[in-house]
Amino acid sequence: MKLSRRTEIIVAVALPLLALTVFLLRDYIIPVGHYFPCIFRRLTGLLCPGCGNTRAVDHLVHGRLWLALRSNPDLPFLIAVPLGFYAELIADLFGKKIKLVPRSMRFWYPILAAYAVFYVLRNIFSVLAPP
């Protein structure tokens, strides 16, 4: 789906402003130490793939990178992939057609498989669970 030039410019300007707003209001968006309970974990006793993401984002916006990665290691992908698409959008605005994010499923399937194995193992070995 191709966006109009005007929509691309609005997105290009709005995303950094949104990120800055979230950073500045980080203590109001996620009050320190007050995390939402995981319904899946409450019902099954197992960690879901998203368990630890709230803590990871909280640690990240407070500059604690190691704790962010320890809380949920999919955080680099959740940041890198949208940033790649954003960089493609900015390059497109300047007339350069680049593809930074791989589109081939041959690239993504092994990554998804590795995550699936990790999420099973984190329910078996507590050292892989969020701190």
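Miscellaneous remarks
- Mean Kyte hydropathy of -0.5 or more with a Cα span along the axis of at least 20 Å, helices from DSSP in the chain: 5-24, 75-93, 105-124
- Taking F107, F85 and counting other C-beta atoms within 10 Å, the order from fewest to most: F107, F85
- Value of [θ]222 nm, deg cm²/dmol, for the chain, DSSP H segments ≥ 4, -39500 (n - 2.57) each, nearest 500: -20000 deg cm²/dmol
- Dividing the radius of gyration of the alpha carbons in segment 1-76 by their Kirkwood radius gives 1.11 for Rg/Rh.
- Electrostatic dipole magnitude of the chain [Cβ: Lys, Arg +1; Asp, Glu -1; Cα centre; debye, to 20]: 300
- Of the three principal axes defined by the Cα atoms of segment 5-128, the extents in descending order read 50, 40, 26 Å.
- Note on V81 and V127: the extension gain reaches 13.9 nm, defined as 0.36 nm multiplied by sequence separation minus the Cα-Cα distance.
Values quoted throughout were computed directly from the atomic coordinates according to the rules given, and no laboratory measurement underlies them. Given the structure is predicted, the values throughout are model-derived calculations rather than measurements. Counting neighbours? That spans all protein chains shown, and the Cβs are built from the backbone with ideal geometry, glycine included.
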